[in-house]
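Engineer: The structure is given below, and queries will be raised subsequently.
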Amino acid sequence: MAKKVVEVSSLVKQYGDLRAVDGISFELYEGEVFAFLGPNGAGKTTTVEILECIRPLTSGSAKVFGYDVTKREDAKEIKKRIGVLPQDFSALDKLSVKENIDLIGGMYEKKLDTMEVIKLLDVEDKANERFENLSGGLKQRVGVAAALVNDPQLVFLDEPTTGLDPKARREVWSVMENLKKLGKTVFLTSHYMEEAQVLADRIAIINKGKIAVIGSSQDLISEYGGLKVLVVRKGGKEMAKTLQDRFGGTTLNHNGDVFVKADDVNEMWRVLSTLTEMNLTKEIEIQTPTIEDVFLKVVGGRITEEGELT
Amino acid sequence: MRRTLIIFKAVTKNWLRSRSGLFFSIMFPVLLLLVFGAVFGGGGTSTYSLFIQNLDVDGTPTPLSEGFIEALNSTETFAIRTIPGDVTDLRSYARDVLGPLGGNIRVLAISEGFQNDMLNGTLKVRVGISYSTLQTVYEYFEPFLNETERMAMQQGIDQMGQYNASLPDRKASLTLILDASDQSSGIVRSIVMSVANAFNYELMGARNIVNFEEEPFTERQLRTIDFYLPGVISAFIMTNGIIGVTTNTTEFKRRGIIKRLSITPLGKLEWILGNVLSQTLLNLMLTAIIIVVGWLAFNAQAIPDIFSIVFIFIGSVLFSGIGMVLSGLIKDVEAASAIGNAIAFPMMFLSGAYWPVEFMPDYMQTIAKALPLTYFSEGLRSAMIYKYTEGIIINMAIVSVLAAVFIIIGSLVTRWKEK
Ligand SMILES: Nc1ncnc2c1ncn2[C@@H]1O[C@H](COP(=O)(O)OP(=O)(O)O)[C@@H](O)[C@H]1O
Ligand SMILES: [Mg+2]
């Protein structure tokens, strides 16, 4: 069993009347990528900032590396050992990439060589560029570089790709995959389903301050994702009718595509052999459920591109 | 301490590379000094004949009206002749005196109430000059600025414009009668106006000669520029803190830069001290540049000594402290910059930085005495110009106490943790 890096138990954060974090418990294990997946206002940033020791908690307990986030002396130890990319990261506009990373690095007793970190993030050619002149994606990469400068064991990335275009998002993803290779424990928050599914070893779906489900994406999908679906493109009315007789959950859309739901592998084979009997010549496709289906099932809604729950 | 120095270095570099920072903290004060020096410095080369009738008499002529005539005289531009108070037709009186070959008639009538109006009016003039200087510099700078810098400056200028517009117009208590054919009427008019704005400083110079008679070094003659120079320095040390620190800190806060730093082992006091040191360096640079410009352009005699440097440090603490208090209380960047401007510009003119408190009307003296800048500028002036030990000590004590109070409140309201 891997070592526990973060241990949160019955954590509550109250802002006046609003209970932003409502009694959540979870752990992070050494070397894993753990994701908080949830819409805006779910309580992601609040939780992360409590763990970073910059926000007091209302009740419950939170430990990082065994240190208690509420104790002053412990907080010092935690701060030395964590790296953070805050939500909406920004740096001093008129300083260069290198100067900004030097600035953050200078705050620690022990730090990596700035150029080494810059190379790691593949921003060498921008090392002397002023921060204000960088694109959004590059700014985020600088933010990740700054988060690594103290060679932390645990890295928090709060919505690292929000607002980036798809290309820049993928660049940041590849950076995060490198973090995993470096053996860092990563706490990622996101409202992008795909991001959590691609990057995280374990996902906690969080909504209204509560964790709905927690587990690896495979486990969550097989438990909550629902059925696999076989699609026959342009199968037509006739075929839909035949399949409907044998397999209850068959539907037809306005393009003439036929959808057949399959409980398990055996069912899927039966559908396929039926289609073989019918001398099928059309294109077929098998759709596997995703985290989005899990989310829909456990939260009862979807998250828009902007992060709002619908 | 290591972390403090790193913050100091980063914040200073960030500022030195910002055009709007340089504009407000260095360019504007330097240009203002040049314009003030030129306008209020008086002086001219040719001599014009000028008749003066002084009706601002209270038994004897009022001190300011008399001082004004003396100031006109000291420009060495005019050959002044007096018209008695009972003369009503000034023009024909002058014609008679000049005789058939006399040349152009120039008569200045000083009406009753001049002294009072003068005291109320100079504020408007000074604010007006600063406002138009700021606008001129901005127009020149504008093409080199980006959108945010432009907005920051526009806001400063608007604030100043509003302040300017809010001041009552000065009443005309001087009447200048000139011949339409007089080629030099424009020059004469502008010299009289400049002197009208500046004469009380000439008065101050005279007052200082009297003061120095008790001191061993009586020969020293102070001029207007010597009064202005430490005034401009202290006024802009004040704006650097109240406007600069407030705006920068609020901006750092809004953009999450302070939060990013608070996640590292950096402590709150280290952060504050780093910023105060950065302000101190900036203000020492400002002082050096102003003094050099003063030397070159006006042969000013300011001599900075160790007291001046200590003063600049304490002043930097005081005004950054006020800036920290404001940015601790105000979240919104625009509001912070507006409030900073709204405090700093009036303070600049209502304090004793640009004109001696003794010459202000009573109600304004009361205001001036409540403003920290009054003590700071008085102290810096004592250190740099008068070399007047008592003035240094008293003002330094007051400024130090205020600095301690504001930097402590500033540290308390600076949030290093979220709520
Ligand atoms: N400082 C605060 N004061 C009051 N309410 C807050 C504060 N910070 C966050 N909230 C509220 O708490 C809830 C959770 O916010 P947050 O943790 O930022 O969510 P997320 O990061 O998942 O978008 C939101 O409703 C937000 O409006
Ligand atoms: Mg958030």
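The values are calculated or read from the model by the stated rules, or taken from the named source; none is laboratory data. Owing to the predicted nature of the structure, the values given are computational and were not obtained by experimental measurement. Note that each Cβ is placed from the backbone with ideal geometry, even for glycine, and that neighbours are counted across all protein chains shown. Note: accessible area is taken over every heavy atom of the protein model, side chains too, but ligands, DNA and RNA are not part of it. Shrake-Rupley method; radii C 1.70, N 1.55, O 1.52, S 1.80 Å.
Engineer: Quick one: accessible area per residue over region B:223-307, 1.4 Å probe, rounded to a whole number of Å²?
Structural biologist: 31 Å²
Engineer: Add +1 for every Lys or Arg and -1 for every Asp or Glu among the other residues with Cβ under 14 Å from the Cβ of A:L252, and state the total. Could the numbers behind the result be given before it?
Structural biologist: Working: positive: A:R233, A:K234, A:K237, A:K241, A:K261, A:K282; negative: A:E238, A:D245, A:D257.
Spelling it out: positives minus negatives among the neighbours equals +3.
Engineer: So, by mean Cβ neighbours within 10 angstrom, what's the order for B:9-21, A:275-287 with the highest one leading?
Structural biologist: B:9-21, A:275-287
Engineer: Turning to a different aspect of this structure: Rounded to a whole number, what % of the accessible area of region A:242-297 do carbon and sulfur atoms account for, probe 1.4 Å?
Structural biologist: About 48 percent, which is the carbon plus sulfur part of the accessible surface.
Engineer: Out of region A:1-106, which trypsin sites (Lys or Arg not before Pro) are coil in DSSP terms and have no more than 14 other C-beta atoms within 10 Å?
Structural biologist: Hits after loop and neighbour filter: A:K3, A:K71.
Engineer: Which value in Å does the Kirkwood hydrodynamic radius of chain A take, with 1/r averaged over all unlike C-alpha pairs and then inverted?
Structural biologist: For chain A, the Kirkwood estimate is 21.6 Å.
Engineer: So, one more: If packing is taken as the average number of other Cβ atoms within 10 Å across a peptide's residues, how do B:399-410, A:47-58 rank, most packed first?
Structural biologist: Details: B:399-410: 18.5, A:47-58: 21.3.
The packing order, highest mean first, is A:47-58, B:399-410.
Engineer: For region A:240-310 and region A:109-141, what is the separation of their Cα centres, given in Å?
Structural biologist: Here the answer is 45 Å between Cα centres.
Engineer: Accessible area lost on pairing A with B, both sides, 1.4 Å probe, Å² to nearest 100?
Structural biologist: Using a 1.4 Å probe on protein heavy atoms, the buried area is about 2700 Å².
Engineer: Now for a different question. Take peptide A:91-104, look around each residue's Cβ out to 10 angstrom, count Cβ atoms belonging to other protein chains, and average those counts.
Structural biologist: Mean partner-chain Cβ count within 10 Å for A:91-104: 5.
Engineer: Shifting gears a bit: For region A:57-148, run through the GluC sites (Glu not before Pro) and keep only the ones in DSSP coil with at most 10 other Cβ atoms within 10 Å of their Cβ.
Structural biologist: A:E109
Engineer: Of A:K180/B:K9; A:K210/B:K9; A:K63/A:K180; A:K3/A:K119; B:K331/B:K387; A:K208/B:K331, which pairs sit farther than 32 Å apart, going by alpha carbon to alpha carbon?
Structural biologist: Distance filter (> 32 Å) returns A:K180/B:K9; A:K210/B:K9; B:K331/B:K387.
Engineer: May I ask you to derive the relative contact order of chain A, considering only C-alpha pairs under 8 Å and at least 6 residues apart, and to give it as an integer percent?
Structural biologist: 19 percent
Engineer: Next question. Given contacts defined as C-alpha pairs under 8 Å and at least six residues apart, what's the relative contact order of region A:140-273, whole-number percent?
Structural biologist: 15 percent
Engineer: Still on this structure, please answer the following. With the alpha-carbon atoms as the only input, what is the per residue convex hull volume for the protein assembly as shown in Å³? It would help to have the intermediate numbers written out before the result.
Structural biologist: On the way: hull volume 163.0 nm³, N = 729.
Expressed per residue, the convex hull around the Cα atoms of the protein assembly as shown is 224 Å³.
Engineer: Then there's this: When the Cα centres of region B:59-93 and region B:342-357 are compared, how far apart do they sit, in Å?
Structural biologist: Result: 31 Å between the Cα centres.
Engineer: While we're looking at this one, here's another question. Could you sort B:304-316, B:336-348 so that the peptide with the highest average Cβ count within 10 Å comes first and the rest follow in order?
Structural biologist: On the way: B:304-316: 19.8, B:336-348: 22.5.
The packing order, highest mean first, is B:336-348, B:304-316.
Engineer: What list of ³J(HN,Hα) values in whole Hz, one per residue of region B:56-66 in order, does the Karplus curve 6.51 cos²θ - 1.76 cosθ + 1.60 (θ = phi - 60°) give from phi, with Gly and Pro shown as x?
Structural biologist: Using θ = phi - 60°, the values come out as 7, 10, 10, x, 9, x, 5, x, 6, 5, 5 Hz.
Engineer: Starting from the 7 Å offset along Cα-to-Cβ, what nm value, one decimal, do you get for the label separation of A:E177 and B:L296?
Structural biologist: Here the answer is 5.9 nm between the modelled labels.
Engineer: Report, please, the projected area of region A:130-271 averaged over directions, based on the convex hull of its C-alpha atoms, in nm².
Structural biologist: 12.8 nm²
Engineer: I'd like the mean, over residues of A:69-81, of how many other protein chain beta carbons sit within 10 Å of each residue's own Cβ.
Structural biologist: Shielding by partners across A:69-81 averages 1.
Engineer: Another question, then. Mind checking B:52-60 for the average number of partner chain beta-carbons within 10 Å of each residue's beta-carbon?
Structural biologist: What the average comes to for B:52-60 is 0.
Engineer: Next up: B:E358 to B:R17: FRET efficiency via 1/(1 + (r/R0)^6), r the Cβ-Cβ distance, R0 41 Å, to the nearest 0.05?
Structural biologist: 0.45
Engineer: A follow-up question, please. Return the aspartates and glutamates within reach of A:K261: Cα separation strictly under 19 angstrom, same-chain partners fewer than 8 residues apart disregarded; answer none if there are no such residues.
Structural biologist: Answer for A:K261, where 19 Å is the Cα cut-off: A:E223, A:E238, A:D245, A:E277, A:E283, A:E285, A:E292, A:D293, listed by chain and number.
Engineer: A follow-up question, please. Relative to the first principal axis of the alpha-carbon coordinates of chain A, what is the inclination of helix A:72-81, with its axis defined by its Cα atoms, in degrees from 0 to 90 and to the nearest 10?
Structural biologist: That works out to roughly 70 degrees.
Engineer: Rounded to the nearest 0.05, what FRET efficiency do A:E129 and A:K282 have when you use their Cβ-Cβ distance and R0 = 56 Å?
Structural biologist: For A:E129 and A:K282, the calculated efficiency is 0.55.
Engineer: Further question on the same structure: Compute the separation of the alpha-carbon centres of region B:283-337 and region A:14-92 and state it in Å as a whole number.
Structural biologist: After rounding, the separation between the Cα centres reads 41 Å.
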